[in-house]
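Here's the structure we're looking at; comments come further down.
The values are calculated or read from the model by the stated rules, or taken from the named source; none is laboratory data. Because the structure is predicted, anything quoted here is derived from the model rather than measured. Using ideal geometry, Cβ is built from the backbone for each residue, glycine included, and neighbour counts are taken over all protein chains shown. Keep in mind that these areas ignore ligands, DNA and RNA; they rest on the heavy atoms of the full protein, side chains included. Shrake-Rupley method; radii C 1.70, N 1.55, O 1.52, S 1.80 Å.
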Amino acid sequence: MRITVCCTDTKVGPWIEALQSLLPEARIEQWRPGAPQADHAVVWSPPQQFLDEQPRLKGIFNIGAGVDALLKLRLPPDPVVVRLDDAGMSVQMAEFVCHAVIRHFREFDAYAREGGTGNWGLRRPRLRSEFPVGVLGLGVLGQRVAQAVAGFEFPVLGWSRGGKEVPGVRCYAGEAELSAFLAATRVLVCLLPLTPETGNILNRESLSRLQSGGYLINVARGGHLVDEDLLALLDSGHLAGAALDVFRTEPLPADHPFWRHPKIVVTPHVSARTLRDESAAQIARKIRAMQAGQPIAGVVDRQRGY
Ligand code: NAP
Ligand code: GLV
């Protein structure tokens with residue numbers, strides 16, 4: 001079995017080492033133009049040339065959860081596209097979102113500012129019943145996040161396409177229930193995949209429907225958010241702030257207004273990192289299962305886009 005690894009912006013050597021130790025029988029190599037045909041590929045944002053030159057792949061394993069960049073390319077028709085299925089990401093995402101919700105709710109930024117001036121000032125406690133948290137997307141990451149936030153006794157709502165049942169979470173489904181979901185939400189967390197249906201979903205109309213004093217946490221993709229609409233709603237006072245981890249252009253350009261906006265906290269796409277050892281182990285298990293003709297989790301539906 002031959003496996004080719006083609007990952008941009010990623011050190012490929014340690015991935016090959018990790019995969020080779022788990023699949024000693026395989027021949028695992030970094031892809032180069034003109035390389036021999038492989039049975040499986042491990043990829044992150046590969047160039048189009050890679051896909052054009054590897055038409056006989058059985059499986060394409062993405063080393064991230066989101067496959068939006070991969071699906072923008074012209075893929076050969078046959079290979080199964082497989083995304084990372086948690087692999088240590090959901091706990092990181094739960095940490096990140098709980099931290100952002102609590103930082104906002106408990107006004108820790110204000111305490112940090114006042115602490116710097118030597119002011120022993122108490123702020124009036126806020127009621128968590130007035131901070132319902134709505135999670136867009138109840139997949140592998142969204143469900144874990146929703147339940148982690150519910151653990152802090154915030155009211156939690158969730159929205160998905162087909163409808164879900166998640167203990168402790170009021171669930172909404174589909175376009176028809178989006179308005180009701182937004183109207184019942186004050187802190188909005190985006191954990192949707194970026195697809196033709198979800199691009200620009202965080203826009204003036206949808207964000208205006210949030211409860212007054214709303215707060216946005218975008219940890220999915222920059223293409224979900226219409227940047228100018230967020231800035232307008234922050235400046236009008238309808239939204240109280242935003243924690244943004246993902247951007248249309250990454251790295252976020254130095255002159256982008258998000259960097260200096262007093263109500264926006266920027267992080268550089270770190271809410272849930274790919275953990276190499278756990279991810280390589282998951283991919284190796286799935287390659288073995290595919291070779292044995294067994295079903296695997298995390299197969300992407302190319303039509304739906306996730
Ligand atoms: P997932 O398991 O595929 O879950 C996606 C969820 O979104 C599902 O609940 C799905 O509904 C819902 N959804 C998709 N399209 C929808 C639509 N048109 N209307 C309503 N709901 C829709 O994905 P995941 O593993 O949780 O990851 C989500 C995204 O997080 C990834 O695609 C990636 O972009 C992002 N991410 C970001 C980072 C980071 O570091 N910032 C790290 C990892 C992932 P159904 O359940 O009904 O299908
Ligand atoms: C990261 O953003 C991922 O999709 O895994």
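Criterion applied to HIS40, HIS99 was being crowded, with 18+ Cβ neighbours inside 10 Å and away from ligand 2 (no atom under 16 Å from the Cβ), and the one residue passing it is HIS40.
Here LEU202 passes the criteria (1) within 24 Å of ASP301 (Cβ to Cβ); (2) open to solvent by 20 Å² or more (accessible area, probe 1.4 Å); (3) away from ligand 2 (no atom under 16 Å from the Cβ) except the one numbered (2).
Among the residues of region 55-70, those that are under 20 Å from ARG2 (Cβ atoms) and either open to solvent by less than 10 Å² (accessible area, probe 1.4 Å) or near ligand 2 (Cβ under 10 Å from one of its atoms) (or both) comprise LEU57, GLY59, ILE60, PHE61, ASN62, ILE63.
Among the residues here, LEU192 qualifies as modelled with pLDDT of 95 or more and closer than 17 Å to GLN147 by Cα.
Out of all the residues in region 279-301, which are within 13 Å of ligand 1 (Cβ to nearest atom) and surrounded by fewer than 17 Cβ atoms within 10 Å (Cβ to Cβ)? Once the filter is applied, which keeps residues that are within 13 Å of ligand 1 (Cβ to nearest atom) and surrounded by fewer than 17 Cβ atoms within 10 Å (Cβ to Cβ), region 279-301 yields ALA297, VAL299, ASP301. Residues in region 211-220 that are open to solvent by less than 50 Å² (accessible area, probe 1.4 Å) and either free of Cβ contacts under 8 Å to residues at least 60 places away in the same chain or in contact with a Pro (Cβ under 8 Å, 6 or more places away or on another chain) (or both): GLY213, GLY214, LEU216, ASN218, ALA220.
Taken as a whole, the condition of being at pLDDT 95 or above and either within 16 Å of ligand 1 (Cβ to nearest atom) or among the small types (Gly, Ala, Ser) (or both) applies to ARG144.
If you check GLY34 against the conditions, is it away from ligand 1 (no atom under 12 Å from the Cβ), over 26 Å from GLY199 (Cβ atoms), surrounded by 12 or more Cβ atoms within 10 Å (Cβ to Cβ) and outside the structural domain of THR249 (by TED's automatic domain parsing)? For GLY34, the condition - away from ligand 1 (no atom under 12 Å from the Cβ), over 26 Å from GLY199 (Cβ atoms), surrounded by 12 or more Cβ atoms within 10 Å (Cβ to Cβ) and outside the structural domain of THR249 (by TED's automatic domain parsing) - is not met.
Of these, GLY151, GLY174, GLY162, which one is surrounded by fewer than 24 Cβ atoms within 10 Å (Cβ to Cβ) and in contact with a Lys or Arg (Cβ under 7 Å, 6 or more places away or on another chain)? Only one candidate passes the filter, namely GLY174.
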